[in-house]
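> Structure incoming, see below.
The values are calculated or read from the model by the stated rules, or taken from the named source; none is laboratory data. Note that the coordinates shown come from a computational prediction; the quantities given were computed from them, not determined experimentally. Positions of Cβ are backbone-derived with ideal geometry, glycine not excepted, and every protein chain shown enters the neighbour counts.
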Amino acid sequence: MKVCIEATPALRQQAGLGRYTAGLIAGLLHTDPQGTANGNYSIAFNQAQHMRIQHPYDKLVQYRSNLGNKPWRLRVAATYFGLPAFDRHFPNIQIYHSTGHLLPRFKTIRTVFTLHDLIPLLFPEYHLPMNRIFLKEMFPRFLRQANAVIAVSEHSKRDAIKRLGIPAEKIYVVPEGVEPSFMHVPQERIREEVRAKYRLPSRFLLSVGTIEPRKNLALLLDVILRVREKHPDVVLAIAGKDGWLVESFYAKLKALGLDDVNAADAPVRLLGRVPDEDLPILLSMTQVFLYPSLYEGFGLPPLEAMACGAPVVSSNASSLPEVVGTAGVLIDPQDTGKWVQACLGLLDQPDKRKAMHLAGIHRAQQFTWQNTANETRKIYEAVLN
């Protein structure tokens, strides 16, 4: 079984798509050493001239393109409108697995497409105009072309069936996993080093995610102001880079007088993109992890937070109840008052935080990349057979 996996999301560290792709490849290499030794797994990617291909990816390269993202997307799309299929670039490959919502057309090679979400079709206002046009036109083609679709949640599967009429029997639900590095870090010395690095006080609320409208981070600006009426020492830390359409978030930050995020006493701290080695430590230290997203195809951040023992308060929208289960608090993402109540309740009740700490770790242990890889390999076999 010769499988080529689209690796651009992992190599470019594209948020959730990147974590999924890296986790899947690592899981396949770990759980199928015989297949690895036989060269059964390889990768394809674009933007090759800007990539530093390191272990284990350097031994897996099947196809690389120097095209940037926009011309690469157009090159892939053109295979659906008369340009020759991609088979000639993948000799001896039996399955091509798209992990980044971009599937070239093949004639003889079987294909698997991982569906993370249908946000471009369901919430086009959360995407830039050119991205909306491309995905509206191509997304349905990719899904119909694929021999099998992997949905990362039952919710994403239902969306694909309802919105695009994809046959249910073609869609397999395979949840994502948690990297082993996401675990509780109790060592005080390590904690203090990271706390000093990000200039955080002893008590803080934490949210992790790209700053964009769908993540609903503006809600947390209202929450922290009301929480500080009772706990003036608590601050809100947001770990994530700027995405698209960030203007409304920063406008609200300024309107509330919270825009001086570098001040020593700032109620809101914008940490930017936090390196993977620091994130488990921040998650281990936070009093409460907050995730008010309006829509997620899966939602890795609350799962990673639970793996580190953080008490999780999450939106109850879309797939997030599948991820959090009963180990966290689930709230309507539009109900500011309930988010404030949940934060105050956890800040005031250390015993409840401790119980959620244990429940979250137990919940996260059910999601591993090894499980994801094993289930994905079964799908490869089913596609070939």
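> Looking at the stretch 1-35 only, could you name the residues that are of a type in the set (S, T, N, Q) and in contact (Cβ under 8 Å) with a residue 12 or more places away in the chain? Spell out how you get there, then give the answer.
Filtering the stretch 1-35 for residues of a type in the set (S, T, N, Q) gives 8, 13-14, 21, 31, 34.
Answer for the stretch 1-35, where residues must be of a type in the set (S, T, N, Q) and in contact (Cβ under 8 Å) with a residue 12 or more places away in the chain: THR8, GLN14, THR21, THR31.
> Something else now. Has the stretch 282-290 got any residue that is buried (at least 16 other Cβ atoms within 10 Å of the Cβ) and touching a His at 6+ places or on another chain (Cβ under 8 Å)? Show your work before the answer.
Here is the first cut: in the stretch 282-290, the residues buried (at least 16 other Cβ atoms within 10 Å of the Cβ) are 282-290.
Narrowing further to those that are touching a His at 6+ places or on another chain (Cβ under 8 Å): 284.
Taking every residue of the stretch 282-290 in turn, at least one turns out to be buried (at least 16 other Cβ atoms within 10 Å of the Cβ) and touching a His at 6+ places or on another chain (Cβ under 8 Å).
> Kindly evaluate ARG158 against the criterion of being in a helix (DSSP H, G or I) and surrounded by fewer than 18 Cβ atoms within 10 Å (Cβ to Cβ).
Details: in a helix (DSSP H, G or I): yes; surrounded by fewer than 18 Cβ atoms within 10 Å (Cβ to Cβ): yes.
It is true that ARG158 is in a helix (DSSP H, G or I) and surrounded by fewer than 18 Cβ atoms within 10 Å (Cβ to Cβ).
> If a residue must be crowded, with 17+ Cβ neighbours inside 10 Å and either part of a helix (DSSP H, G or I) or not assigned by TED's automatic domain parsing to the domain that holds THR21 (or both), how many such residues does the stretch 121-139 contain? Break it down into steps so the answer makes sense when it comes.
Keep residues of the stretch 121-139 that are crowded, with 17+ Cβ neighbours inside 10 Å, which gives 121, 126-127, 134-135, 138-139.
Add one more test, that the residue is either part of a helix (DSSP H, G or I) or not assigned by TED's automatic domain parsing to the domain that holds THR21 (or both), and what stays is 121, 126, 134-135, 138-139.
Adding up the residues that qualify gives 6.
> Tell me yes or no: at least one residue of the stretch 364-376 is within 30 Å of ARG110 (Cα to Cα), among the charged types (D, E, K, R) and assigned to a helix (DSSP H, G or I). Explain how you work it out, then say what you get.
Kept after step one, since they are within 30 Å of ARG110 (Cα to Cα), are these residues of the stretch 364-376: 367-376.
Right, trim to among the charged types (D, E, K, R) and you get 375.
Within this subset, residues satisfying the condition of being assigned to a helix (DSSP H, G or I) are 375.
Within the stretch 364-376, one or more residues are within 30 Å of ARG110 (Cα to Cα), among the charged types (D, E, K, R) and assigned to a helix (DSSP H, G or I).
> Looking at LEU220, LEU256, LEU245, which one is out of contact with any Gly (no Cβ under 6 Å at 6 or more places or on another chain) and either surrounded by 17 or more Cβ atoms within 10 Å (Cβ to Cβ) or not assigned by TED's automatic domain parsing to the domain that holds LEU283 (or both)?
Numbers: LEU256 fails: either surrounded by 17 or more Cβ atoms within 10 Å (Cβ to Cβ) or not assigned by TED's automatic domain parsing to the domain that holds LEU283 (or both); LEU245 fails: either surrounded by 17 or more Cβ atoms within 10 Å (Cβ to Cβ) or not assigned by TED's automatic domain parsing to the domain that holds LEU283 (or both).
One residue alone meets the criteria, LEU220.
> Which members of the stretch 173-191 meet the condition of being exposed (fewer than 13 other Cβ atoms within 10 Å of the Cβ) and either acidic (Asp, Glu) or within 12 Å of PHE367 (Cα to Cα) (or both)?
PRO180, GLU188
> Six or more apart or on different chains, Cβ atoms under 8 Å: show the pairs whose first residue is in the stretch 264-287 and among the β-branched types (Val, Ile, Thr) and whose second is assigned to a helix (DSSP H, G or I) and surrounded by fewer than 22 Cβ atoms within 10 Å (Cβ to Cβ).
What qualifies is VAL268/LEU221; VAL268/LEU253; ILE281/ILE190; ILE281/ARG191; ILE281/VAL194.
> Then there's this: Among the residues of the stretch 161-210, count how many are in a helix (DSSP H, G or I), closer than 26 Å to LYS378 by Cα and not acidic (Asp, Glu). I'd like the intermediate steps shown before the answer.
Residues of the stretch 161-210 in a helix (DSSP H, G or I): 161-164, 168-170, 188-197.
Checking the rest, the ones that are also closer than 26 Å to LYS378 by Cα come to 161-162, 164, 168-170.
If we keep only those that are not acidic (Asp, Glu) as well, we get 161-162, 164, 168, 170.
Count: 5.
> Mind telling me which of the residues ALA44, ALA37 ends up being out of contact with any Cys (no Cβ under 8 Å at 6 or more places or on another chain) and of a type in the set (A, V, I, L, M)? First the steps, then the outcome.
Details: ALA44 fails: out of contact with any Cys (no Cβ under 8 Å at 6 or more places or on another chain).
That would be ALA37, the only listed residue that is out of contact with any Cys (no Cβ under 8 Å at 6 or more places or on another chain) and of a type in the set (A, V, I, L, M).
> Restricting attention to the stretch 12-30, and to residues there that are modelled with pLDDT under 90 and not in a loop (DSSP other than H, G, I, E, B), which single residue is surrounded by the fewest Cβ atoms within 10 Å (Cβ to Cβ)? Talk me through it step by step, then tell me what you get.
Filtering the stretch 12-30 for residues modelled with pLDDT under 90 gives 12-16.
The next check asks that each one be not in a loop (DSSP other than H, G, I, E, B); those that pass are 15-16.
On the way: ALA15: 17, GLY16: 20.
So the residue we want is ALA15.
> Here are LEU143, LEU164: which of them is in contact (Cβ under 8 Å) with a residue 12 or more places away in the chain and surrounded by fewer than 19 Cβ atoms within 10 Å (Cβ to Cβ)? Reasoning before the result, please.
Values: LEU143 fails: surrounded by fewer than 19 Cβ atoms within 10 Å (Cβ to Cβ).
After ruling out the rest, the residue left standing is LEU164.
> Would you check which residues across the stretch 210-259 are at pLDDT below 90 and not hydrophobic (A, V, I, L, M, F, W, C) and list them?
Step one: list which residues in the stretch 210-259 are at pLDDT below 90, which gives 243-245, 259.
Within the stretch 210-259, GLY243, ASP259 qualify.
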